[in-house]
């Protein structure tokens, strides 16, 4: 069920539009907070984490960048509009699948120098799974999404619509985990600059690939992406010392 206020200046968004969105999500069953982009909401729920970033997130309408129940609602909203959206498993994180729960032996973990414990997240055949219990040498792991089978209540606000291609490129970089010092788009080319303050480790190069792929996926007119990287001797020596530790 979707609740909203009718607006006379209503203009719906179309597939592929770039939106900056604030949202919070609660389990409908017990009203517990599961995610928020709001520092205030996190603090009120006593779930505030200083290491987390609380800011609007990028959502690309109709491109599976958010659960489909919220995606459908956003397509009929407007900038500065807020809604409460009830999302069932079919439009959220899916129903629970018992076939994704399996029992393993403790020895299977110890062969890989892993000590299993409840809550531990592991990769099993390319799928993320969570250790649910450890008992008598048996380990129960669950590859269902933690929110599978849950009905969720979202409160969503459209903060802005990005129309400028340079803004879109920068937003895609941030979504991919790359803090760029500048971003621009001219014609069919996009260029971002990454300063020396950004550590060029393995995660960075994975994120860079994800970023370039996302530009081609979500900005069909783009034919070239240039990433300008800045390095300094001081930073290189620092990273070299860390690698040698």
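The values are calculated or read from the model by the stated rules, or taken from the named source; none is laboratory data. Fair warning: this is a prediction, and the values are worked out from it, not measured in the lab. Positions of Cβ are generated from backbone atoms using ideal geometry, with glycine treated the same way; all protein chains shown enter the neighbour counts.
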Legend entry - Out of 73, 127, sole residue that is in contact (Cβ under 8 Å) with a residue 12 or more places away in the chain, under 27 Å from residue 173 (Cα atoms) and not assigned by TED's automatic domain parsing to the domain that holds residue 13: 127
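Within region 108-124, track down each residue that is on the phi > 0 side of the Ramachandran plot and within 22 Å of the chain's Cα centre (by Cα).
Start the filter on region 108-124 by keeping residues that are on the phi > 0 side of the Ramachandran plot, which leaves 113, 119.
Answer for region 108-124, where residues must be on the phi > 0 side of the Ramachandran plot and within 22 Å of the chain's Cα centre (by Cα): just 119.
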Inset, instruction - Output the residues belonging to region 27-42 that are in contact (Cβ under 8 Å) with a residue 24 or more places away in the chain and buried (at least 19 other Cβ atoms within 10 Å of the Cβ). - result: none
Legend entry - Out of 143, 148, 179, 183, sole residue that is in contact with a helix residue (DSSP H, G or I) (Cβ under 9 Å, 6 or more places away or on another chain) and buried (at least 19 other Cβ atoms within 10 Å of the Cβ): 183
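Quick one: which residue in 185, 173 is under 19 Å from residue 63 (Cβ atoms), modelled with pLDDT of 95 or more, in a strand (DSSP E or B) and within 25 Å of the chain's Cα centre (by Cα)?
Exactly one residue qualifies, and that residue is 185.
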Inset, instruction - Only residues that are in a helix (DSSP H, G or I) and over 21 Å from residue 36 (Cβ atoms): list them for region 90-125, please. - result: 90, 98, 99, 100, 106, 107, 108, 109, 110
Inset, instruction - Mind telling me which of the residues 45, 129 ends up being modelled with pLDDT of 95 or more and either crowded, with 16+ Cβ neighbours inside 10 Å or touching a strand residue (DSSP E or B) at 6+ places or on another chain (Cβ under 7 Å) (or both)? - result: 45
Inset, instruction - Kindly indicate whether any position in region 3-19 is assigned to a strand (DSSP E or B) and at pLDDT 95 or above. - result: yes
Legend entry - Total residues in region 133-143, condition closer than 13 Å to residue 119 by Cα and outside any strand (DSSP E or B): 1
Legend entry - Scan of region 30-63 for residues that are closer than 21 Å to residue 153 by Cβ, under 12 Å from the mean Cα position of the chain (by Cα) and in a loop (DSSP other than H, G, I, E, B), ordered by number: 37, 56
Inset, instruction - Looking only at region 79-89, decide whether some residue is closer than 24 Å to residue 35 by Cα and in a helix (DSSP H, G or I). - result: yes
